[in-house]
Amino acid sequence: NAGVMQNPRHLVRRRGQEARLRCSPMKGHSHVYWYRQLPEEGLKFMVYLQKENIIDESGMPKERFSAEFPKEGPSILRIQQVVRGDSAAYFCASSPTRVDFATNEKLFFGSGTQLSVL
Amino acid sequence: GENVEQHPSTLSVQEGDSAVIKCTYSDSASNYFPWYKQELGKRPQLIIDIRSNVGEKKDQRIAVTLNKTAKHFSLHITETQPEDSAVYFCARTNFGNEKLTFGTGTRLTIIP
């Protein structure tokens with residue numbers, strides 16, 4: 001039973017290029033959460049998606065960033081026209097339904113994608 | 001707000017001694033508090049969590065205590081070992097909210 005899978009593990013882009021980060025949730029999970037970790041900082045929530053729907057994008061930068069979770073295939077975090085400040089580790093997590101911490105649910109992260117912008 | 005302050009930012013302890021990391025929060029509605037351990041270049045791994053209906057939870061050498069009145073919670077690691085060296089993050093949220101707010105991390109170094 002594979003956990004959350006992210007690829008690529010490392011992604012190098014030059015300024016102005018596009019970055020596409022993929023997150024395949026655990027089997028049977030239809031809810032995905034993206035977090036960003038800047039160097040020497042804690043994780044920060046970006047966006048929460050259910051299949052074909054963006055539920056909460058309150059942590060997404062207003063420009064250049066977008067996310068989708070199509071009916072088939074992985075969730076994609078897309079960063080257009082990358083800048084050096086986008087260099088960070090991007091982690092995703094998944095859950096079968098909207099995660100409910102009031103029960104015994106927990107959030108487990110994938111291995112992340114380290115984005116480096118040259 | 002929902003901020004979490006974490007202290008200290010770095011901590012060095014002799015192998016076998018105990019380590020304590022403390023986090024304070026401001027949102028009194030907070031009631032779920034997980035701790036994650038992150039080794040260099042790896043994913044954050046959940047090591048222990050606590051919900052507000054209990055004041056303490058223990059799992060072998062790791063324990064977490066919660067003081068809701070004072071709005072702080074702490075991670076305690078006893079009998080530290082070299083493999084405990086990592087960055088530790090606290091986090092918080094409230095029931096019904098899917099977003100975790102993380103602290104800034106503590107770099108723990110165990111000195112052999």
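Structure notes:
- For A:VAL83, the conditions (1) aliphatic (A, V, I, L, M); (2) within 10 Å of another protein chain (Cβ to nearest Cβ); (3) more than 22 Å from B:ARG43 (Cβ to Cβ) all hold with the exception of (2).
- The one condition in (1) more than 20 Å from B:LEU40 (Cα to Cα); (2) among the charged types (D, E, K, R); (3) free of Cβ contacts under 8 Å to residues at least 60 places away in the same chain; (4) in a strand (DSSP E or B) that A:ARG36 fails to fulfil: (1)
- Residue selected from the range A:22-32 under the condition outside any loop (DSSP other than H, G, I, E, B), out of contact with any Lys or Arg (no Cβ under 8 Å at 6 or more places or on another chain) and open to solvent by less than 50 Å² (accessible area, probe 1.4 Å), by the criterion nearest to B:PHE102 (Cα to Cα): A:VAL32
- Taken over the range B:38-77, the criterion of being within 11 Å of another protein chain (Cβ to nearest Cβ), small (Gly, Ala, Ser) and farther than 20 Å from B:SER9 by Cα is satisfied by B:SER52 alone.
- Of the residues making up the range A:38-55, those that are within 8 Å of chain B (Cβ to nearest Cβ) and surrounded by 17 or more Cβ atoms within 10 Å (Cβ to Cβ) are A:GLY42, A:LEU43, A:PHE45, A:TYR48.
- Counting only strands (runs of 3 or more DSSP E) that fall entirely inside the range B:45-112 and contain at least 1 residues that are within 25 Å of A:SER94 (Cβ to Cβ), the qualifying elements are B:45-51, B:56-59, B:62-67, B:86-92.
- Scanning the range B:2-20 for residues that are touching an Asp or Glu at 6+ places or on another chain (Cβ under 8 Å), under 23 Å from A:SER95 (Cβ atoms) and assigned to a strand (DSSP E or B) turns up nothing.
- Scoring A:SER87 on the criteria (1) modelled with pLDDT of 95 or more; (2) of a type in the set (Gly, Ala, Ser); (3) open to solvent by less than 10 Å² (accessible area, probe 1.4 Å); (4) touching a Ser or Thr at 6+ places or on another chain (Cβ under 6 Å) leaves a single failure, condition (3).
- Filter pass, A:ARG78 being closer than 23 Å to B:GLN45 by Cβ, away from chain B (no Cβ under 14 Å) and open to solvent by 70 Å² or more (accessible area, probe 1.4 Å): no
- Hey, B:LYS42 open to solvent by 70 Å² or more (accessible area, probe 1.4 Å) and either charged (D, E, K, R) or touching a strand residue (DSSP E or B) at 6+ places or on another chain (Cβ under 7 Å) (or both) or not: yes
The values are calculated or read from the model by the stated rules, or taken from the named source; none is laboratory data. Please read these numbers as outputs of a predicted model, since none were measured by experiment. Every residue, glycine as well, gets a Cβ built from its backbone with ideal geometry; the counts of neighbours run over all protein chains shown. When the accessible area is computed, the model is the full protein with side chains, heavy atoms only, and any ligands, DNA or RNA have been set aside. Shrake-Rupley method; radii C 1.70, N 1.55, O 1.52, S 1.80 Å.
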